[in-house]
Amino acid sequence: MTQLKTVETAVKFINKKTNNFKPEIALITGSGLAGSVPELKNKIVLKYSDIPGFLKSTVIGHSGNLIFGVYKGKKIAVMQGRFHYYEGHPIQALAIAVRVLGKLGVKTLLNSGAVGSLNAKLKPGALCVLKDHINFMGVNPLVNNWDAAFGPMFSDMSAAYTPALTKKALIVAKQNKIACGLGVYIAVSGPSFETPAEIQAFKKLGADVVGMSVAPESIVARQLGMQICGLAWVTNLASGISKKPLSHKETLAETKKIEGKFKKILEDLIPKI
Ligand code: HPA
């Protein structure tokens, strides 16, 4: 059986709760970034745990709400909190929420996450707008998870992050005087942080930032034909580059400082989409 039935059941439930609200833009908020969501009009909040077929978020710092509303005329859906492979969910299960968003009508995905930086120019607090990713997780959410309703089995990833959106995000960050750069995201499974040797190897592969999410959702979204803007917030220098041991607590503490900046970027970027 494919995931289509699960997705359709969730969509039916959501449509009932939202009176068939059709979001055009979706935002996925990463670790500790849940407070960055702009103030939405006609807001409807659904708990993940109430939506049939949805997974449960188990990570500290991740809320579990699917929010709908309107921001400056744009119809938005927000995944406040995401699911991770390291939580023990099968990688295919991470496709469900993104496929639900696709079925609801989402055409553009703002895919955000916290990252460690391998690039001396991207310091903690900086925004790395993604030009591409390297999926180093060792798994792909589309394996044994195909239905024609979700797009082609061999989906194109040659322009995974839409250049026009990337450009807009960088302009908005600069206008707000927020340190930013363009970079490549390398996705790892986690939950352990990387070793210094892994980070040196990733640098040679061409990565600027490292994280434990973003890539699976982008892969699923591209199959659906969505445009993607990848927004990675640097919470720490990567292992070995940082002189200190890494911790999730520290990552979350840094995101608290980032939330306000991210909200500003979203407020300026969303109307331009
Ligand atoms: N490594 C992997 N994921 C992360 C990091 C990191 O250094 N920082 C925030 N998420």
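All of the numbers you see were taken from the coordinates with simple rules; none came from a lab. Because the structure is a prediction, the values reported are computed rather than measured. Here the Cβ positions follow ideal geometry from the backbone for every residue, glycine too, while neighbour counts run over all protein chains shown.
Quick notes
- Distance (nanometres) between label positions extended 7 Å along Cα→Cβ at residue 24 and residue 49: 3.5 nm
- Length released on extending from residue 257 to residue 205, taking residue separation times 0.36 nm less the Cα-Cα span: 15.7 nm
- Förster-model FRET efficiency, 35 Å R0, residue 272 and residue 149, C-beta, rounded to 0.05: 0.70
- Computed packing ranks the peptides 16-25, 208-217, 111-120, 262-271 as 208-217, 111-120, 262-271, 16-25, most packed first, by mean other Cβ atoms within 10 Å.
- Per-q log10 I(q)/I(0), the stretch 4-272, q = 0.13, 0.16 Å⁻¹ (Debye; single scatterer per alpha-carbon; no solvent): -0.78, -1.24
- Stretching the chain fully between residue 171 and residue 139 yields a gain of 8.2 nm (0.36 nm per residue, less the alpha carbon separation).
- Other residues lying with their Cβ under 13 Å from the Cβ of residue 250 contribute a combined charge of +4, Lys and Arg counting +1, Asp and Glu -1.
- In this label model, residue 195 and residue 42 are separated by 5.5 nm, measuring between points 7 Å along each Cα→Cβ vector.
- Total formal charge among the other residues, if their Cβ is under 11 angstrom from that of residue 119, Lys/Arg +1 and Asp/Glu -1: +2
- Per-peptide average of other Cβ atoms within 10 Å, ordering 193-202, 242-251 highest first: 193-202, 242-251
- Scaling against 2.2 N^0.38 Å puts the C-alpha radius of gyration of the stretch 116-239 at 1.09.
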